[in-house]
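Asks: Got a structure for you, questions after.
Derivation of every value follows stated rules applied to the coordinates shown; laboratory data play no part. Note that this is a predicted model, so its numbers are computed, not measured. Backbone-built Cβ (ideal geometry, glycine too); neighbour counts: all protein chains shown.
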Amino acid sequence: MTNDASGDTALSRLQVQGYALPQLSEPGKAKYAQYKRLDASIYVAGRLPTVDGQLSEQGLLGRDVDLDAGRRLARTGAVNCLAVAAAAAGGLDRVQMVQMVVFVASTPEFGDQSGVADAASSLLLDVLGPNGEHARTAIGVASLPRNSPVEIQMVCTSA
Amino acid sequence: MTNDASGDTALSRLQVQGYALPQLSEPGKAKYAQYKRLDASIYVAGRLPTVDGQLSEQGLLGRDVDLDAGRRLARTGAVNCLAVAAAAAGGLDRVQMVQMVVFVASTPEFGDQSGVADAASSLLLDVLGPNGEHARTAIGVASLPRNSPVEIQMVCTSA
Amino acid sequence: MTNDASGDTALSRLQVQGYALPQLSEPGKAKYAQYKRLDASIYVAGRLPTVDGQLSEQGLLGRDVDLDAGRRLARTGAVNCLAVAAAAAGGLDRVQMVQMVVFVASTPEFGDQSGVADAASSLLLDVLGPNGEHARTAIGVASLPRNSPVEIQMVCTSA
């Protein structure tokens, strides 16, 4: 990982935001790869906002989970994707974002998927600086694996 | 923008369809980019079918919004994506489509997401000609930002 | 298609799994392409788990369709994508997976989208071997075209 003289690394900026980069889980019996490369593109598999394998909340935005919790989960999901992206790109400082898709488990009436997704987008910009700039899509889905309120998927490249 | 002698440009074909290419909104306080390039790929962020920032309809296909309105919104969403794609590719005549994903806010019983998406697909072919050919995915989602009935996301390249 | 001396081809492994590679439907009046290439990337359009154009089940996981049926449909949808991928890549043995997105029509309470998607992921690994490795996203959507319980989308390349 590039570590400039000032110590102002992406990892330190992540820590300022209150996050550590989680260990990647063992491949174990997973049926799919955490990421896959095609030329310069790094496709990161959809990630849930687990911490030590646990979800702090379950259910739908608009019914079970409020906006603040949704935003917190979106940040955690983004950090979990960044851990994979950093492993693929050769360090967090080398992650250059391309696209993020934010899936928000939502009631039919919930309409603030952008508010949830903004929390993840801001974290990417705060941590990665200009490399964090990304195209984004936020949608509300019926439900997600393990009844997670949020799931995040990324395409990135190595800077 | 390429403007051949006959004046038969993508922009003129768009006008024949009854659409103008909207101005891109100011980046302002958006937390993400309208598009992001990776090698030849241009990832366009998910776009709602707003006109001058307003949605003409809100809610779900199968409950609040009928098929004709959904198709109209899909076309408008596609035009909004094309405005971004044209800016990225160096003009509408240089936009070459790759993939379009059409998200349709739907009741559990609604099953004509393809009918909604076909309206956007046809517009791409009518306006861009062979460059408008694209792989497509149409799905029904629980809800969308601002309770929009439709959201559209594209990957394209520069011809 | 590469056909090694042992006759152990991807096609034969697909047959061992109980599947044949379906004929691609005629383009006919489809408004979009079954796949689109951009450099090395092959974007396969979203495919339903039809057999001879028919869906064996309709509706939602968690209400109308049980997990076993959902898994069977996920495998069939993956096979339908593979037929397109094989045509694009120059044979099933040359298909190298990159990303699979598994859309599962779900009730708000259903939380085993991963269980559904695992069936498709396993089939890719069984049939394509190491080339079947892929990044994956599984999400629960409100509904799908023709009330299909499952839809599958892929990005792959030619090995």
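Asks: Where the label is 7 Å out from Cα toward Cβ, how close does B:Gly53 come to the same position in every other copy, in nm, shortest first?
Replies: 4.9, 5.0
Asks: Rounded to the nearest 0.05, what FRET efficiency do B:Ala159 and A:Asp66 have when you use their Cβ-Cβ distance and R0 = 51 Å? The partial results should precede the final answer.
Replies: Details: r = 46 Å, r/R0 = 0.91.
Step by step, r from the Cβ atoms, then E = 0.65.
Asks: Counting only other chains, what is the mean number of Cβ atoms within 10 angstrom of the Cβ of each residue in peptide B:46-52?
Replies: Across the residues of B:46-52, the mean count of other-chain Cβ atoms within 10 Å is 2.
Asks: Using the alpha carbon gyration tensor of the stretch C:1-156, what are the three equivalent-ellipsoid semi-axes (square root of 5 times each eigenvalue), largest first, in whole Å? Walk me through the intermediate numbers first.
Replies: On the way: eigenvalues 125, 59, 42 Å².
Semi-axis lengths for the stretch C:1-156 are 25, 17, 14 Å.
Asks: Could you work out how far the C-alpha centroid of the stretch C:35-105 sits from that of the stretch A:114-158, in angstrom?
Replies: 25 Å
Asks: Going highest first, how would you order B:75-83, B:131-139 by mean Cβ packing within 10 Å? Write out the running numbers ahead of the final one.
Replies: Numbers: B:75-83: 25.9, B:131-139: 23.8.
Peptide ranking by packing, descending: B:75-83, B:131-139.
Asks: Give me the inter-chain shielding for A:81-91: mean count of other chain Cβ atoms within 10 Å, whole number please. Walk me through the intermediate numbers first.
Replies: Values: counts 0, 0, 0, 1, 0, 0, 0, 1, 0, 0, 0.
Mean shielding count: 0.
Asks: Using the 10 angstrom Cβ neighbour count as an exposure proxy, how do B:Lys31, C:Lys29, C:Lys36 rank, fewest first?
Replies: Values: B:Lys31 18, C:Lys29 6, C:Lys36 24.
If I rank by nearby Cβ atoms, fewest first, I get C:Lys29, B:Lys31, C:Lys36.
Asks: A further question follows. Rounded to whole Å, how close does chain C get to the rotation axis onto A by Cβ? Give me the residue too, please?
Replies: C:Ala142, 3
Asks: Label-to-label distances across copies for C:Ala159, with labels 7 Å out along Cα→Cβ, in nm, shortest first?
Replies: 3.5, 3.5
Asks: Let me ask something additional. Fewest Cβ neighbours within 10 Å first, please rank A:Glu151, C:Glu57, A:Glu109 accordingly.
Replies: On the way: A:Glu151 28, C:Glu57 17, A:Glu109 14.
Least crowded to most crowded, the residues run A:Glu109, C:Glu57, A:Glu151.
Asks: Relative to the first principal axis of the alpha-carbon coordinates of chain C, what is the inclination of helix C:67-89, with its axis defined by its Cα atoms, in degrees from 0 to 90 and to the nearest 10?
Replies: 30 degrees
Asks: At what distance in nm do the modelled label points of A:Arg146 and C:Arg146 sit from each other, each positioned 7 Å from its Cα along Cα→Cβ?
Replies: 3.5 nm
Asks: Counting just the Cα atoms, what span does the stretch A:1-88 cover along each of its three principal axes? Round to the nearest Å and put the largest first.
Replies: For the stretch A:1-88, the Cα extents along the three principal axes come out at 46, 36, 22 Å.
Asks: What spacing in nm lies between the two simple spin-label points modelled at B:Gln54 and A:Leu24, each 7 Å away from Cα in the Cβ direction?
Replies: About 5.1 nm separates the two model spin labels.
Asks: Out of all DSSP beta bridges in the stretch A:1-158, what portion is antiparallel? Express it as a percent rounded to 5. Don't skip to the end; give the middle numbers.
Replies: Working: 18 of 27 bridges.
Percentage antiparallel, nearest 5: 65.
Asks: Could I ask something else about it? Direction-averaged shadow area of the convex hull around the Cα atoms of the protein assembly as shown, nm²?
Replies: Numbers: hull surface 90.0 nm².
One quarter of the hull surface, i.e. the mean projection, equals 22.5 nm².
Asks: A follow-up question, please. Would you mind calculating the gained length between C:Asp39 and C:Asp8 on full extension (0.36 nm times residue separation, minus the Cα-Cα distance), in nm to one decimal? Don't skip to the answer; put the middle values down first.
Replies: Working: separation 31, 0.36 × 31 = 11.16 nm, distance 2.94 nm.
Length gained, C:Asp39 through C:Asp8: 8.2 nm.
Asks: Turning to a different aspect of this structure: Pairs B:Lys36/C:Lys29; A:Lys36/B:Lys31; B:Lys31/C:Lys29: which exceed 29 Å Cα-Cα? Working shown, then result.
Replies: Working: B:Lys36/C:Lys29 32 Å; A:Lys36/B:Lys31 26 Å; B:Lys31/C:Lys29 40 Å.
Exceeds cut-off: B:Lys36/C:Lys29; B:Lys31/C:Lys29.
Asks: Report the relative contact order of the stretch B:39-159, percent, no decimals, based on alpha-carbon pairs under 8 angstrom and at least 6 residues apart. Mind showing how you got there, number by number?
Replies: On the way: 258 pairs, mean separation 50.9, N = 121.
The value is 42 percent.
Asks: Quick one: angle between helix B:113-128 and the longest Cα principal axis of chain B, in degrees between 0 and 90, rounded to 10, please.
Replies: 10 degrees
Asks: OK, next. Given only helices, namely DSSP H runs of n ≥ 4 each adding -39500 (n - 2.57), what is the per-residue ellipticity at 222 nm of chain B, to the nearest 500 deg cm²/dmol? Intermediate results must be reported in sequence, preceding the final value.
Replies: Working: 3 runs with 46 residues, N = 159.
Calculated from helices alone, the mean residue ellipticity at 222 nm is -9500 deg cm²/dmol.
Asks: Using a simple charge model, +1 on the beta-carbon of Lys and Arg, -1 on the beta-carbon of Asp and Glu, nothing else, what dipole does the protein assembly as shown show about its Cα centre, in debye to the nearest 20?
Replies: On the way: 39 positive and 48 negative charges, 85 e Å.
With only Lys, Arg, Asp and Glu charged at Cβ, the dipole is about 400 debye.
Asks: Taking beta carbons within 10 Å but only from partner chains, what does the mean come to for residues B:123-132? Could you put the intermediate results ahead of the total?
Replies: Values: counts 1, 2, 2, 0, 0, 0, 0, 0, 0, 2.
Taking all residues of B:123-132 together, the mean is 1.
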